[in-house]
Structure formats: C-alpha cells, structure tokens
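Have a look at the structure below before the remarks.
The values are calculated or read from the model by the stated rules, or taken from the named source; none is laboratory data. Values in this document were obtained by computation on a predicted structure and should not be read as measured data. Every residue, glycine among them, receives a Cβ derived from its backbone with ideal geometry; neighbour counts consider all protein chains shown. When the accessible area is computed, the model is the full protein with side chains, heavy atoms only, and any ligands, DNA or RNA have been set aside. Shrake-Rupley method; radii C 1.70, N 1.55, O 1.52, S 1.80 Å.
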Amino acid sequence: MGAGEHQTSGRRGWAIALLLAFAAAGCASTPPSSEAGFNNWSGLQDCFRRDVQPQPGTAERMALTCSGNQAAADARKNGIDRASAHFNAALAFNLLADQAAASLACDTPGGCTRFALDHIERSFIHQEALLPATNAAASGADQRFDIRRRLVHAAALKASSEVPAAACGTAEACLIAANEALGSYNWEALAASEDQGVSALACRGLNLRSQVNFLRGPAQEPLEMADLRQIVQRCPDFSAAAVKRLAGIAFRRAEQLHASMLNAGGSPPGKAEAISLGTSAVSSYTDALPSDELKLLAYRNMGLVHLKLAELDRPSASSHFEAAAEAFNAAQALSQTAGGADHAGDLERLGTSYLSLINARDNLTPLEEETLINSAVRALETAIAQAPAYQGWLKLGEAYARAGRAKDAEAAYRAALALGGADKGEQASLSLARLLENAGKPGDALAILEPLYASGQPGPDLEYEVGRLRFTQKDYAGALDALTRAAARLQSPRDAEAHYMAGISESILRRPGWQSRMLAHADTAAQSNSFAPKYIRLDCLAHILNGGKEVRTASSLQRCPAGSAPERSLLRGMYFLKQAHLMDVSAYNAASQDYWRSVLRLAEDSFRAGQEAAKTQPGAATRIWFDDLQREVNVADMLASGLTVISRCRREVTIPPESSTWAGLDAFFGHYGVLKCSAP
C-alpha cells in the first residue's frame, strides 16, 4: 500500500480491535496466586486463621470446608472464629470464580461470586470492627487482616458487576460499592510502607481499584491512571501489567486525537486546533511505546501525524518530516521480521519522508542532500523488492530523478503505469511527462498525457499539464479547451497561470467573442496574483482590446497601474490612446475637443516618463517577451513609436499607409487597436 493510499478506516479498525483486546487483557491481570507472608491453607483448623491463602488445587476443598457446618456455619463458634471462617470461604470462592471452572463448591463463576460476596459480608456481620490490639505485632496482624477482608470484599463486588441480578444491584452500583469497600485506606501511602506484607497488600489494593475504575468507564480513567502510575512506581509484581495498561490508554487517546485532527466523522478543526490535536497525539503515541504489542502501530501512526503536521505547520515542516522519518525508520525495523506489504509500506513512507525533508529543509549542503537522496533510494528499492506497489514505484522514480538517474526514473514511472493505481495512472503519467519535458522532449511528454486526457474524466492537474504543453507547442485551440476545463478546479498558483495561458490563447485565436473571454481570464489571473508582471500586462492589454465604457470613462485605469518600469508607462500610454479613440469628439463642441487633447497629453506624458525610465534601466528591462505576440518587444522603440502615434493623431505628421513606418506601427499599436484615433 502506498504512502498516499493509506486505508485509514481499515487500519484504524484493526488498531481498535487490537486495542480492545489489549485493554481487556490489562484489566484481567490478577494478583499472583500466592500472597507474600501468608501460608497455604491445609485443612479445617486453618479456616479459623487469618494468615492463610488458597491455592488453585485446594480452593474447592477450602471453600466447602470453611463454609461448612464445622466452620462458618457452626453456631457454637464465637463471632471472631466465624468471621475468620467466612473470610477464608470468600477468599476461596473468589479464586474459584477467577478459575472459571465448574466445581462441587459452585457450578458457575457467577455462582462462585455470589457465594464469595455472601460469605465476606457475613464475615463483617460477625466481626464488624477489629478488637483493640494488645501489642504492635497483634496490631500489624489485625491491620493486614482488615486490609485482606476489604480486598476480598471489593473483588467480590467487582466480579458481581458481571453477574445477572447480583445482590449489590446494577453493574455500576456493584462497582461503586467496590470502590467504597477500598476507600478507607490510603493505598498510595501503604504501598510505600517498609512493611513488605502491608506494601504487597496495598499494591493489590491499587491494582484492584484500577480495575474497578477501568470497568466504570472513561469518566474514571484519570483515577485509574493515577493508580497505575503508583503501581509502576511502587509495585514490581504488578508493574508490567500497569505499564501495558497505561500504554493502551495512551494509544487509545492518541487514536482519538489523530482522528479528530483528520476530521474523521466531524466538522473540520481549524488549523491551529488541528496542530494542537496532532501535537497531543504525538505525545500520547510516545507514551504508548513501552508496550511491545503497540509499539509498531504507535511509531507508524506517529509518523503519519508528523506528515500531517508538516502539511499544516509549514514553518516547522522540516522538523516534522525529520520526526516522521525517525518514526517510520523505527516502524520498519519492527515490521522487518514479518516483511510483506506492511514492511514495504513502512519503508515507502520512510523514503517519502526523506524526499519531503529535502524539499523542506533550507541550506542543505550537497553532502546532506546526497545522503538523504541515497537513503530514500535504499528505502524505496527495498520496499519495491518486498511488495511492488504503484505509489512505491512513483516515489522511487522521484528519488532516481533527484539522484540524476533519469533512465532509472523513467523505468520506475513506466513500472508504476503498468501497475496502475486508484488514479488510473494519472500521477505516474504526470511524473513521466515532467521527466521527459525536463529532458527536452515536450512532444513526448504531451504524447504520454493525451491518451489519459481523452480516456474519460481526467483530474485538474492532468488537464492543466495537457493545456500547458499544448500551449508551449502552439496548439492554442487545444490548450484553451484543456485550460478552461481545469481552471476552476485548480489551486493557487496554477489557477492564475491557467487563466493567463487561456487569455493569451483567446488573444491569438481571436474567435468570435474573444475580447470578453480574454478579459475574464486576464482579470482572474491578475486577481489571483497581482504581483506578476505578465499577469498585469495581459490584464491591461485585455481591457485596452475590449474597450467599451470602462475605458472611455477610465474606470478601469487601475488595470494599467503606473510604476517605475518602462513597460508600465508604455501600457498606460496605450490605455490613454484607446480612451482617446473611444471618445465622442465634435467639431462644434470645444469642450469635447479640449478633453480629447487632455487625454492625448496623458498618453504623451506616460510615453515620455517611460523613455526617462528606460535611460536608467537599459538592457533586459526594455526588452520584454509578449506571449500574445509570440515575440520580444523593444519597449524603448515602442515608447518612441507611441509618441509618433500621438503626433499623427494631432495631425502634426502624416504617415502613408503603404510606408514601412505605418507597417511598424500597425504591427504593434494596430494589433491592440490604438493606432487610429479620433480627431476634432
């Protein structure tokens, strides 16, 4: 799969499925079966002790014995003994529920949980509070027993949340009760205790509370994460599972942030918000890296976020492309063992990031550029060897072209064309055409694009390139057809150039109605890029050629702006000549004659100002290529000729139509309709 063809929904579906299974596994992590500092239960006499624990092989017998008529159910026993017996029975039933296997003590895990909850609650009934301790040792033992009872109670309540018609009520009610059962102790402080037995029990409390908060849903996630961080810091027996769960939370958050950044199923965020979301997603993906199961996906998706950030945050694009390359390099190292299309995709994205970094980084030394190009070539060649793909061949062709390996680049682009892609080979055709044009073969480049252009519904980029190449080949009718189709769908700056070439083509072809169409194209080009001299030139000439009321009243004069360049003065003088030509001048109206003469003076002033400017800007500044004329114009000569036209208008000179002077004036001023002028 290519770097530009990421199957986002499929990738995210797989990631979410993995994450759900991963989260469930983290939640299901249970304490080790043996508690440090406690003896294994061995028989009836142990039911009345408070320092024993069940084992998988003895849990059934322990549950039956400690809940039986000689222990918890023996009314002859005192409350303390019965409280201990009920506690040990609950402890055993909890273990049987965790084992999820039928036994003589209880038929189902749910039944085991019901018995566990019943017995632990009876333990509290028989001895709600512990008696005052007689010494420090007794106090420590009583504290451990109280902690263990609360852990067993909370564990039974947690398990009851998944049991139909549980005694504690709804699932949420059972989980709230479980938290309340744990709530009287400062588990964080106990986990830091120097008493290893108390610290181990506190770690079980933190672990159990984190599981309860996980089951209560996202609203309790901050509390769950606080416990997990304490576990990582204080509880080595549980730290691996806690790290795994924290990584899962971080990855899920990263995926949510990534989706929001990409506007997956919602309204698009603004650029600043999208950048903030992406930055947060990168941080969360980084937090997911400690998980071996999620590391590959985290690196891969982190790289994708950096690519998007490079698109949104252009001033920092270089650093984002560099970070993307680092992430994809780590991803490809992890996916190398499995190989195949996934590894090829990581390599392709790595190579693409190197190429993008070359474009984004300023002041690259030749050695740095060569190193990046060679790295891109190696990554992309390996990707193609793993799994040939359309986008992979395209990017390899680009890398070869940058490396100066034109023949290899052409072969890569043709390989991409042979495979085809979702765009029916359009990108490959455009890349190959660009390569051929750069090699001095514009005709061959156009020949590559023409079949795809004629085959159906080409994209705007292909329409533009076909139009541009036709324009350079002087096929103005064909260029006009392609460019007018493409212009409305192009982005800047191509839209302006498309309108410019279309306006030039209209001027050259001069088919019926051409002036208004040329004017529309010229106006749009100039509005899209008002700083390009050729767009300003075309727009001014289009208004001169179109004439009409706007020129007669000079309301469109701003289309021929004044400036220090000789060309500006020439165009502005021509505008005034056109205005004079359009004026209604009467031999019986002195005011109209005076106004006409004043406009001619404006034209004369413009031409003379241009001549003064030309004296200080000799050479290239006074020799301009006019695309619509398809020839170079000597601006200094045309400024002088403009003064000759004004003298003719004033009847100061007579120029015979058959003279070479007239022919020279007609070739330029006549072409733009400003040679003839009204006279009083």
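Numbers below:
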{"item": "Average accessible surface area per residue within the range 485-624, 1.4 Å rolling probe, Å²", "result": "46"}
{"item": "Amide proton proximity set for ASN40, modelled H, under 5 Å, gap of 5+", "result": "GLN53"}
{"item": "The chain - mean residue ellipticity at 222 nm from DSSP helices (-39,500 (n - 2.57) per run, n ≥ 4, rounded to 500)", "result": "-22500 deg cm²/dmol"}
{"item": "Nearest 10 degrees, 0 to 90: helix 514-528 Cα axis against the chain principal axis", "result": "50"}
{"item": "Reach of LYS615 by Cα under 18 Å, taken over aspartates and glutamates that are not fewer than 8 positions away in the same chain", "result": "GLU567, GLU604, ASP605, ASP637"}
{"item": "Dipole of the chain, positive direction: furthest Cα of GLN515, ASN589, ASN438, with charges on the beta-carbon", "result": "ASN589"}
{"item": "Segments 451-461, 93-103, 557-567, 484-494 sorted - mean Cβ within 10 Å per residue, highest first", "result": "93-103, 557-567, 484-494, 451-461"}
{"item": "Helix axis angle, 79-99 relative to the chain longest principal axis, alpha carbon, degrees", "result": "40"}
{"item": "Carbon/sulfur fraction of accessible area - the chain, other protein chains in place, 1.4 Å, %", "result": "52"}
{"item": "The chain: angle of helix 271-288 to the longest principal axis, Cα-based, in degrees nearest 10", "result": "40"}
{"item": "Given LYS395/LYS441; LYS407/LYS534; LYS271/LYS407, the pairs whose alpha carbons are separated by over 29 Å", "result": "LYS407/LYS534; LYS271/LYS407"}
{"item": "Matching label, P(r) over Cα pairs in 20 Å bins from 0, in percent computed from the structure shown, candidates (i) 14, 28, 22, 17, 11, 6, 1, 0; (ii) 18, 49, 30, 2; (iii) 17, 52, 26, 4, 1, 0", "result": "(i)"}
